[in-house]
């Protein structure tokens, strides 16, 4: 459940954990597929849930396609395959389904076959089956979202979006399929499309989960006043939900309503003391309120709960910097990179520190190059790298980086006002 916000400055990039649904992988994806398939006969528990909520898969019956078996025989085969898969007998289920899948009689066959291959760990074959099914039934939501999930898992965001070209959310669409569509659109930064589907999810499946999904799509657009209004109207209903309070507090933080955010986060922690996100955000709030000691304490609690989160070490480093604890700051940044060596803000900040140390400019360059590699739109990293090359006496490299900085700044904030900014940035970057 990840929301990521990128600020262009090196010192203020942060990622935020909110209540987005996690993208199913592996066996989780298998369960999701099974739940979306309505199967007759010997229904599994997941299949039974799907039968109540999923729209019927478009199919070709034997009366219109002589190659297809009679409806009863097809349903019996689907029920048998479903039973085998619930017993984790994926290798037995696949041969049963493959001949039927080749006849293009029913989309449910392809969904189960893809799940059987996935259960065996053969994601390539699962993807092939779903791509073929999508070419036959492009408007089938279950096929579309299953294929989109596969593409997204492999990092193919554009292909995932293309798989949803004919996705149509209705009151009969299972909630998990609506959520998957939202996740895909968010990953592809198609925020309005994500919001539209999330609002349908909340309309058709009203719950705190779907409400927070709408809130997250609005937060990703920077529409925190809208989030505050939306969630504020539901405060009494969900006052005992830590997740609700954390999501509301995040938008209060964005709106610089720090006392309200602190109160909501403290309430969330009283309800669930082990909620990482609440401690992390409370650290951010307390830092804004200039309460450095308590901010440090909250960050350390958050680290204890989720030591793999590099952003917590990074934010802790910034607070330690404000206290002029240089050794503590550098240690926290090194811990951030130990947690995730690709974390650009920590590389950038370490580059800034090393830049001003005697004989460490080459080390600064190494970190700043990494910061640019992992966040190519970080203006601060380019600015510091130009300074580092200047201190090393490598004027040609410094000039090249200044040109790249100007181009990045123009991309980040297009407009005529940037001409003067770029000129001043060039002068500052090449000064010792």
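Structure above, values below:
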read-out	value
Ranked 85, 220, criterion: other C-beta atoms within 10 Å, fewest first	220, 85
Shape call, region 71-123: gyration tensor on alpha carbons, a/c limit 1.5	oblate
Sorted by Cβ neighbour density within 10 Å, fewest at the top, the residues 110, 82	82, 110
Stretch gain in nm, segment residue 288-residue 98, where the contour uses 0.36 nm per residue and the Cα spacing is subtracted	62.4 nm
Rounded FRET efficiency, nearest 0.05, which uses the C-beta distance separating residue 410 from residue 236 and R0 of 51 Å	0.60
Order of 390, 237, 196 under a 10 Å beta carbon neighbour criterion, fewest first	237, 196, 390
For peptides 138-147, 396-405, sequence by mean Cβ density within 10 Å, most packed first	138-147, 396-405
Label zone at residue 322, where the point sits 7 Å out along the Cα-to-Cβ direction: region 235-265 residues whose backbone N lies under 18 Å	250, 252-263, 265
Percentage relative contact order, region 147-243, counting C-alpha pairs under 8 Å, at least six apart	19
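The numbers here are math on the coordinates, done by the rules we state, and not lab data. Everything numeric in this text was worked out from a predicted model, so none of it was measured. Positions of Cβ are backbone-derived with ideal geometry, glycine not excepted, and every protein chain shown enters the neighbour counts.
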